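**Student:** After the structure tokens below, expect a handful of questions from me.
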Amino acid sequence: MGLSIATDYFEETGDAEPYLRRIAEAGFSHIHWCHEWCTDHLYADEAIDRIGDLLKELGLTLLDLHASAGDKHQWFSADEAMRLKGMALVRNRVEMTHRLGGAAIVLHLPNMWPDEPDGDSALERVHRSLKELEPYATERGVKVAVENGRFREPEFETLKGLLAAYPSRFLGLCYDSGHGHIGGRGLECLDKLKDRLISVHLHDNDGKADQHALPFTGTLDWAGLTRVLAGSSYRGCVSLEVSMRKSAMRDETVFLKQAHEAGTRIDRMIREQRDG
Ligand SMILES: [Zn+2]
């Protein structure tokens, strides 16, 4: 089935090659491309081709990609010029995902909840951008996954409405287990949206802060989560969004080995839930 890890477990920007090499050496088969997820960086065609060649050499497959919003390129911005630049950045990542054979891009959402001061207009801009993106992404066979935050009540309802407004061939959910755990409502909310699940960011924390810790080192209910995942629409492999930067660990080889063991254990738990 395979096992995936986020490329930015150590560095979020710059050249991913050293990390890709260590990811492959640790035995992972897939990656979640996370580099430059929070910058304005646009990948040139040649750079995408070089990444493609490197993945082939290392025997790695792109599962999905964390798409971007930077300081000047924001696809949900109230400044129309900035929104349009943001759309160009998101299209760049859709094209990159398409060329590298990935299934989906993941997008963070702005604060667009009805109890936020700018909530309604932010939601309108999100709709405008998603409608513009839909034909471009669909033509390239790339889905868009919107990522959950802490699932406060207005967030859940808004996210549910957003998913209902678009076909599943275009839009789905990326479930971030760490975000969901902090709010305490993650599993309950995921269970209600599990038929639209197309991507996962699996990591652990203490229920208080977004630590991106290795699974089974925090307080997350992994038995409960794997039960919901087993009954969901998600068909990809276990995908970890863990961070060594946020941990006390300093040895990448040890960190990746422990991540691989945790991912393998989650994969086994999901299979047992499906079979049992
Ligand atoms: Zn995430």
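The values are calculated or read from the model by the stated rules, or taken from the named source; none is laboratory data. All values reported here derive from a predicted model rather than from experimental measurement. Note: ideal-geometry Cβ built from the backbone for every residue, glycine included; neighbour counts use all protein chains shown. Side chains included, ligands, DNA and RNA excluded: accessible areas come from the protein's heavy atoms. Shrake-Rupley method; radii C 1.70, N 1.55, O 1.52, S 1.80 Å.
**Student:** Could you please find all residues in the stretch 157-173 being assigned to a helix (DSSP H, G or I) and open to solvent by 30 Å² or more (accessible area, probe 1.4 Å)?
**Tutor:** Answer for the stretch 157-173, where residues must be assigned to a helix (DSSP H, G or I) and open to solvent by 30 Å² or more (accessible area, probe 1.4 Å): Glu157, Lys160, Gly161, Ala164.
**Student:** Could you please give the count of residues in the stretch 36-64 that are of a type outside the set (Phe, Trp, Tyr) and assigned to a loop (DSSP other than H, G, I, E, B)?
**Tutor:** 9
**Student:** Among the residues of the stretch 137-194, count how many are within 18 Å of Asp120 (Cα to Cα), in contact with a helix residue (DSSP H, G or I) (Cβ under 8 Å, 6 or more places away or on another chain) and among the charged types (D, E, K, R).
**Tutor:** Residues flagged as within 18 Å of Asp120 (Cα to Cα), in contact with a helix residue (DSSP H, G or I) (Cβ under 8 Å, 6 or more places away or on another chain) and among the charged types (D, E, K, R) within the stretch 137-194 amount to 2.
**Student:** Find all pairs meeting these conditions: Cβ atoms under 6 angstrom apart; at least six residues apart or on different chains; first residue within the stretch 249-276 and more than 15 Å from Ser29 (Cα to Cα); second residue open to solvent by 30 Å² or more (accessible area, probe 1.4 Å).
**Tutor:** Glu252/Arg22; Phe255/Met249; Gln273/Arg227
**Student:** For the stretch 94-120, what are the residues that are assigned to a helix (DSSP H, G or I) and in contact with a Leu (Cβ under 6 Å, 6 or more places away or on another chain)?
**Tutor:** Scanning the stretch 94-120 gives Thr97, Leu100.
**Student:** Being touching an Asp or Glu at 6+ places or on another chain (Cβ under 8 Å) and open to solvent by 30 Å² or more (accessible area, probe 1.4 Å) is the filter here, so list the residues in the stretch 1-18 that pass it.
**Tutor:** Selection gives Met1, Phe10, Glu12, Thr13.
**Student:** Something else now. Hey, can you tell me all the residues within the stretch 174-192 that are of a type outside the set (D, E, K, R), more than 10 Å from the ligand (Cβ to nearest atom), in a helix (DSSP H, G or I) and open to solvent by 10 Å² or more (accessible area, probe 1.4 Å)?
**Tutor:** The answer is His181, Ile182, Gly183, Leu187.
**Student:** Right, here's the next one. Of all residues being assigned to a loop (DSSP other than H, G, I, E, B) and among the β-branched types (Val, Ile, Thr) in the stretch 1-35, which is farthest from Met82 (Cα to Cα)? Just the residue, please.
**Tutor:** So, considering only residues that are assigned to a loop (DSSP other than H, G, I, E, B) and among the β-branched types (Val, Ile, Thr), the one farthest from Met82 (Cα to Cα) is Thr7.
**Student:** Further question: From the set of residues in the stretch 197-212 that are of a type outside the set (Val, Ile, Thr) and out of contact with any helix residue (DSSP H, G or I) (no Cβ under 8 Å at 6 or more places or on another chain), which is surrounded by the fewest Cβ atoms within 10 Å (Cβ to Cβ)?
**Tutor:** Asp206
**Student:** Restricting attention to the stretch 69-104, which residues are under 19 Å from the mean Cα position of the chain (by Cα) and more than 28 Å from Ile5 (Cβ to Cβ)?
**Tutor:** Met87
**Student:** Shifting gears a bit: Within the set of pairs 6+ apart or on separate chains, which have a first residue in the stretch 19-44 that is farther than 19 Å from Val238 by Cα and open to solvent by 40 Å² or more (accessible area, probe 1.4 Å), a second that is outside any strand (DSSP E or B) and of a type in the set (Ser, Thr, Tyr), and C-beta atoms under 7 Å apart?
**Tutor:** Trp37/Ser68; Cys38/Ser68
**Student:** Pairs only if they're at least six apart or on different chains, beta carbon under 6 angstrom, first in the stretch 102-123 and under 15 Å from Asp176 (Cβ atoms), second among the hydroxyl-bearing types (Ser, Thr, Tyr); list them, first residue then second.
**Tutor:** That search, which allows pairs on different chains as well, returns Ala104/Ser199; Ile105/Thr97; Val106/Ser199.
**Student:** Can you find, within the stretch 215-256, the residue that is nearest to the chain's Cα centre (by Cα) among those that are exposed (fewer than 13 other Cβ atoms within 10 Å of the Cβ) and assigned to a helix (DSSP H, G or I)?
**Tutor:** Per the criteria, the residue is Ala223.
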